[in-house]
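Just below is one structure, and these are the notes that go with it.
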Amino acid sequence: MATRSALGLLAALLFATTWATPSGVPRDSRSPALTAAASLVPAAATTTRHPVLPRPAPKFKVESVAQLFKAAPRSKIAGPIFRGGVTRKAPPSRPAPATGGSVRIPSTPAAPRIAVYNSLNQPGISASENAFGETPPDSTGAIGPANYVEMVNSEIAVFSRSGLARISTSSLHDFIGDPNDDPFCDVQVQWDPTANRWLFSFLYCNTASSVQAVIFGWSKTSDPSNLAGGWCFFEGRTDPFLLDYPKLGHNSKYIIIGGNYYDESSPTPNPSFVTAGIVWITKPANGVIPCPAAFPASNGTTTASPLKNGDGVTNTFTPVPVNTFTGSGDGYIVSAYDPAGNNGSAPGPRTKLAVFHLDSTGHLHRNADINVASFTFPSPAPQLGSTNTIDTLDGRLTQAVGDPATGIWTSHTVDGPGPGHRSVLRWYEIKVVGSTASLAQQGNIASPTDWVFNGAISPRFDALGAAVFYNRSSSIIDPVIAGQDRLSSTAVGAMEPGELVLASSTAADMDFSCNFGGPGVPCRWGDYSGASPDPVQTNVVWGTNQFNPSTASTPAWKTQNFAVLFVETPANIAATAGDHSASVRWTAPSDPGTPVTTFTINTYVGASIVKSTDVPGSARSAIVAGLTNGVTYTFTVIAHSIWISSPESAHSNAVTPKRAA
């Protein structure tokens, strides 16, 4: 969750079960069959095999954002953004993780199979642009047909997709017309290709009052650049509860938000956890441009009955709705069993993910849990030149992207195996067949020397691969932003060999969040980062993450926006000598989303290129003529697409042309 007050700002949302009629009078939206239920009830056999969660009505009110400006007291900001839950101060002494399955750890050789697409790796928003000096930025972004939209605490910026040139920017209070310059946080933004518009949410960050709210809405059209009049805004009043760490997702009909409810009946910077919650709001009809006169319909779970995992016993913690980029009528929500003790259970290793789904009629179902490899609460990450460590979170999932049929991808930072307790990024792919969600694969992004954390993963829009982005640091390097990728043909549980570094910090993080609240408290780094599939260039994945360029007590973070694609080098280069010639053969790259237009065959004598030959992309062999008999040659091959060229292949075997007998 988020706050910047002395012990942090908690902000929130409690979406429930009323909406406004065109006259503005709230009316009950509860399903008559479910409003009296106090526990899960079996679903009808004709509709689903999963239990349906009841929807008793907590207090909730959707209204104009102007009502918040009138009702809520101003917040005094004097500290880092607060997040509910446990923070690890030092590497723990604890038992080894329980056995839950094997996880492949990829290596990182020098020739990565991931590359920046079209030179799109550019700076985003920086701390110096933020009038409130907030930290961490909670950097995130999404790609659409013509623009990339980035959000941080408390700013929004729109960039062109062709070169990442900035088109427009705004503070969030100006964005929604707040005359009070209130701080907002826990930002979320997504492109919804089925609705052809952008969706967003963020929190009003104030723990000085029981007045709590979330701001949500959408762009009027596919063009997000008009930040002064091109968007529709609403507030969801949730008094006196707040929904910490709210995550945004959607299906074909609903905006979906999930998070952790805390009780602010008596305002405090350290409220008690009540339950996790999931809420959903009806999206506007496709093609409708004006903001609606009536408030959008909404519904959700309640604080009166704690939300449970699939075991029916343990409390759910941090449910993460999926950013569904297809027209699926089912919107899935995933959550890792809490390993840190945030939800009232004792901390310890966990081996399950909880799964829920919201169907197209607005009914929420609890699916069976998914068994995964064991994971535990990670340790903070060291950094070069400072004894301050970096917060790596507490084992919760941070985002999810995909489609139920082709694959839902999600990740979290967890404790790594072996000595040192170096954190790793654990990622999962989940697929749904019928109504059953199951684990397709899982893997770790790990380093033998560094801590890996603050990751985001997304499939490609064509569903033929995925890319993952993350931070990496240790006592010998300051944090970097890096990425890896994979194809659907890549070995299960693995990324392709190699890592692409996208940005590097040049100084340790030493801002006021470090040791805030006591010695040894880690510096606050991003509570999450962003990854999204490109709906136009469907083999490309975009991302946003943060790095640190300077050391100061005031926040110095900067963000980086980037786009990457899979790049594969031709393999199995083989040559056969001829008369003044050689026959060269190769295996072409396998990514159907990046068709090869031409190959370049480089002819070497020793370490020098003496000839280059271009052949069509359909070729798998070629005759290189004009060679000198008696001279020894080797050959390499480079693949070219319309977007990028591959690294040069390994050399072929050596051959010496000679006159035919």
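Database remark: amide H of LEU120 closer than 5 angstrom to the amide H of ALA563 (H placed geometrically; neighbours at sequence offset of 5 or more, or on other chains; Pro and chain starts carry no H).
How many Å² of accessible area per residue for segment 319-465, probe 1.4 Å? Spell out each step's value before the answer.
Values: 3610 Å² over 147 residues.
About 25 Å² of surface per residue is accessible.
In percent, rounded to a whole number, the relative contact order of the chain is 14, using alpha-carbon pairs under 8 Å and six or more apart.
For the pair VAL313 and ASP181, label points projected 7 Å from Cα toward Cβ lie 5.3 nm apart. Based on DSSP H segments of at least four residues, each scored -39500 (n - 2.57), the chain has a per-residue ellipticity at 222 nm of -500 deg cm²/dmol. Once the C-beta distance of HIS580 and SER645 is scaled by a Förster radius of 35 Å, the resulting FRET efficiency is 0.75 to the nearest 0.05.
Less than 5 angstrom separates the built amide H of PHE325 from those of GLY402, all sequence-distant by 5 or more or on a different chain.
Take each of the peptides 581-588, 376-383, average the number of other beta-carbon atoms within 10 Å over its residues, and list them starting from the highest.
On the way: 581-588: 19.2, 376-383: 25.2.
Result, highest mean first: 376-383, 581-588.
Taking the centroid of alpha carbons for each part, segment 450-511 and segment 253-303 are 32 Å apart.
Size estimate for segment 203-279 follows the Kirkwood approach: the inverse of mean 1/r over distinct Cα pairs works out to 13.8 Å. Here, segment 574-661 has an Rg and a Dmax of 13.3, 46 Å when only alpha carbons are counted. Protein heavy-atom accessible surface, 1.4 Å probe, per residue over segment 161-282: 24 Å². At a probe radius of 1.4 angstrom, the accessible area of segment 553-625 per residue rounds to 42 square angstrom.
Subtracting the Cα-Cα distance from 0.36 nm times the residue separation, let me have the gained length for ILE623 to THR597 in nm, one decimal. The partial results should precede the final answer.
Details: separation 26, 0.36 × 26 = 9.36 nm, distance 1.83 nm.
Contour length minus the Cα-Cα distance gives 7.5 nm.
Think of the chain as having a plus end and a minus end, set by charges on the Cβ of Lys, Arg, Asp and Glu; of ALA494, VAL424, VAL274, ALA494 sits farthest toward the positive end of this dipole.
The modelled label-to-label distance for the pair LEU384/ASN286, using points 7 Å beyond Cα in the direction of Cβ, is 5.0 nm. Averaged over residues, the count of other Cβ atoms within 10 Å places the peptides 425-435, 253-263 in the sequence 253-263, 425-435, highest first. Taking Rg and Dmax of the Cα atoms in Å as the quantity of interest, determine which of [x] 26.4, 89; [y] 26.1, 97; [z] 26.6, 83 was computed from the displayed structure. Label of the calculated value: [y].
Tell me whether segment 453-508 comes out rounded, prolate or oblate; compute the Cα gyration tensor, take square roots of the eigenvalues as a ≥ b ≥ c, and use a/c under 1.5 as the rounded threshold. Here segment 453-508 falls in the prolate category. Listed by chain and number, the aspartates and glutamates whose C-alpha is less than 14 Å from the C-alpha of LYS253, apart from same-chain residues fewer than 8 away, are ASP192, ASP330, ASP359. On the chain, 56 percent of the accessible area sits on carbon and sulfur atoms, based on a 1.4 Å probe.
The values are calculated or read from the model by the stated rules, or taken from the named source; none is laboratory data. Predicted model only: the values in this text are computed from it and were never measured. Neighbour counts run over all protein chains shown; Cβ positions are idealised from the backbone, glycine included. Surface accessibility is based on the protein's heavy atoms, side chains included, excluding ligands, DNA and RNA. Shrake-Rupley method; radii C 1.70, N 1.55, O 1.52, S 1.80 Å.
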